[in-house]
Amino acid sequence: MDLTIRPRRLRGSETLRRMVRETRVDAASLIYPMFVTDGKNRVEPIEAMPGQFRYTVDRLPEALDAVAEAGVGSVMLFGIPEKKDPVGSEAYAPDGVVQRAIQRAKLHMPELYVIGDVCMCEYTSHGHCGVLCDHEVDNDATLPLLAKTALSQVEAGADMVAPSDMMDGRVRAIRELLDQNGHADTPIMSYAVKYASSFYGPFREAAGSAPAFGDRRGYQMDYHNRREGIKEALLDVDEGADIVMVKPAMNYLDIVRDVRERVNVPVGAYSVSGEYAMVKAAAGKGMIDEAKIVCEMAVAAFRAGADVYLTYYAKELARYIREGRIG
Ligand code: PBG
């Protein structure tokens with residue numbers, strides 16, 4: 001056979017395959033999302049997300065020890081308050097659950113990088129991501145509350161804030177309030193390109209944040225749209241976002257690539273609760289090899305152009321990387 005070019009030549013051994021690999025994965029790029037809840041001495045399993053838990057603040061330190069031990073250096077915290085009200089007061093209460101969790105985390109492990117998720121839906125009685133006017137989320141009335149929430153988290157010690165609400169103009173509102181209060185150096189990672197997705201189902205069970213009526217399509221993006229993702233990402237960069245995130249990850253890698261090619265800031269990809277739940281369910285039935293699937297999903301996100309990967313599998317991935325099963 002007269003074949004000059006034989007791609008298989010570079011696939012002949014593991015050493016060679018690793019040598020010419022195009023995508024490498026580093027545990028430093030992983031962020032582990034965690035849930036904290038009011039109360040004492042409880043570690044509650046989240047049914048729809050086997051292996052994930054809601055921690056009361058007093059039980060958070062031991063969970064963070066496990067994160068650090070696994071080799072993950074960064075967490076994102078979601079607060080689930082006992083009391084919810086129409087204006088989500090607990091989201092910006094200085095002694096709210098997430099603020100106390102952030103304080104505790106930084107006290108326990110100052111070197112751990114702690115990111116606060118900024119949104120209202122875990123804190124509002126109606127489960128929407130902002131305050132309502134009739135049956136609609138009022139964009140402009142929500143902005144000051146989001147900014148207050150971000151500031152309260154930074155004052156509690158958060159290293160970074162991550163607004164996930166999808167209100168227009170929130171990055172600018174947050175940036176301005178942080179700057180006015182002496183936090184010009186605190187970065188914002190915006191959930192810039194967040195689609196209205198059914199893949200968030202298990203999270204809403206975890207956070208008790210399913211909307212009481214309607215859905216989130218009035219503010220989260222229509223998943224038929226690709227150009228609009230670029231528009232959202234560029235807008236957030238313009239408003240001062242330091243990192244822009246695409247969410248979900250697995251079914252949205254085309255968007256990760258699009259955004260990567262259009263912005264000069266780091267791009268995040270969030271492998272969401274539904275992705276985690278599907279892998280867990282299939283693995284639990286012995287239908288797939290969990291570790292191999294998790295590695296393949298992670299590499300795919302980085303190959304698509306992600307610089308940062310948020311995943312409930314962060315601890316396992318860090319271990320797989322250390323063991324050379326991925327990388
Ligand atoms: C809050 C928020 C959600 C997620 C992250 N931040 C839920 C939602 O928008 O309904 C989803 C995360 C996941 O599914 O893992 N707005």
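Explain nothing, just the number: dipole magnitude of region 62-117 about its Cα centre with +1 on each Lys and Arg Cβ and -1 on each Asp and Glu Cβ, in debye rounded to the nearest 20. Before the final figure, lay out the partial values.
Working: 5 positive and 9 negative charges, 30 e Å.
Taking the Cα centre of region 62-117 as origin, the dipole is about 140 debye.
Find the eigenvalues of the gyration tensor of the Cα atoms of region 163-230, then list the square roots of 5 times those eigenvalues as equivalent ellipsoid semi-axes, largest first, in whole angstrom.
26, 16, 10
With all protein chains present, calculate the accessible area of M109 using a 1.4 Å probe and round the result to the nearest 10 Å².
Taking all protein chains as shown, M109 has close to 20 Å².
Classify region 130-274 as rounded, prolate or oblate, taking a ≥ b ≥ c as the square roots of the eigenvalues of its Cα gyration tensor: rounded when a/c is under 1.5, otherwise prolate if a/b is larger than b/c and oblate if not.
Oblate, since a/c reaches 1.5 and b/c is not below a/b.
Sorted by accessible area (1.4 Å probe), largest first, how do D242, D140, D26 line up?
Sorted descending by solvent-accessible area, the residues read D140, D26, D242.
Using only alpha carbon pairs under 8 Å that are at least six residues apart, calculate the relative contact order of the chain and give it in whole percent.
Here the relative contact order equals 18 percent.
Going by Cα centres, region 17-72 and region 242-293 are how many Å apart?
Centre-to-centre distance over Cα atoms comes out at 16 Å.
How would you classify region 19-93 from its alpha-carbon gyration tensor, with a ≥ b ≥ c the square roots of the eigenvalues: rounded for a/c under 1.5, else prolate if a/b is greater than b/c, otherwise oblate?
Prolate, since a/c reaches 1.5 and a/b exceeds b/c.
What residues have an amide H closer than 5 Å to that of I288, excluding those fewer than 5 places away on the same chain, when H is modeled at 1.01 Å from N in the peptide plane?
Answer set, sorted by chain and number: A283.
Quick one: Karplus J couplings for region 312-327, per residue in order, coefficients 6.51, -1.76, 1.60, θ = phi - 60°, nearest Hz, x for Gly and Pro?
6, 9, 4, 5, 5, 4, 4, 5, 4, 5, 4, 7, x, 7, 8, x
Which ³J(HN,Hα) values in Hz, rounded to whole numbers, follow from the phi angles of region 41-52 under the Karplus curve 6.51 cos²θ - 1.76 cosθ + 1.60, where θ = phi - 60° and Gly and Pro get x?
6, 10, 10, 9, x, 9, 4, 7, 9, x, x, 10
Share of antiparallel DSSP beta bridges in the chain, in percent to the nearest 5?
15
If each Cα of the chain is one equal point scatterer, what is log10 of I(q)/I(0) from the Debye formula at q = 0.13 Å⁻¹?
Debye intensities relative to I(0), on a log10 scale: -0.94.
Please state, to two decimals, what the Cα-based radius of gyration of region 193-327 comes to when divided by 2.2 N^0.38 Å (N = residues).
Computed over Cα atoms of region 193-327, the ratio equals 1.10.
Once the dipole of region 152-197 is set up with Lys and Arg at +1 and Asp and Glu at -1 on Cβ about the Cα centre, which of V193, Q180, Q153 lies farthest towards its positive end?
Working it through, the farthest residue towards the positive pole turns out to be V193.
Would you mind working out the magnitude of the charge dipole of the chain relative to its Cα centre, with +1 at each Lys and Arg C-beta and -1 at each Asp and Glu C-beta, to the nearest 20 Debye? If you can, show how the numbers build up before the last one.
On the way: 40 positive and 48 negative charges, 309 e Å.
Here the size comes out at about 1480 debye.
Provide the per-residue ³J(HN,Hα) series for region 242-251, in order, calculated from phi with Karplus coefficients 6.51, -1.76, 1.60 and θ = phi - 60°, each as a whole number of Hz, with x at glycine and proline positions.
Each residue's phi maps through the Karplus curve to give 8, 9, 10, 10, 10, 8, x, 9, 3, 8 Hz.
Report the one residue of V25, V114, F53 whose Cα lies farthest in the direction of the positive end of the charge dipole of the chain (charges on C-beta: Lys and Arg +1, Asp and Glu -1; origin at the Cα centre).
Toward the positive end, the furthest listed residue is V25.
Which pairs break 29 Å Cα to Cα here: K148/K315; K106/K148; K84/K247; K148/K247; K247/K292? Don't skip to the answer; put the middle values down first.
Numbers: K148/K315 31 Å; K106/K148 20 Å; K84/K247 26 Å; K148/K247 24 Å; K247/K292 22 Å.
Where the Cα-Cα span goes over 29 Å, the pairs concerned are K148/K315.
The values are calculated or read from the model by the stated rules, or taken from the named source; none is laboratory data. Source: prediction; values computed, not measured. Positions of Cβ are backbone-derived with ideal geometry, glycine not excepted, and every protein chain shown enters the neighbour counts. Note: areas computed on protein heavy atoms with side chains; ligands, DNA, RNA excluded. Shrake-Rupley method; radii C 1.70, N 1.55, O 1.52, S 1.80 Å.
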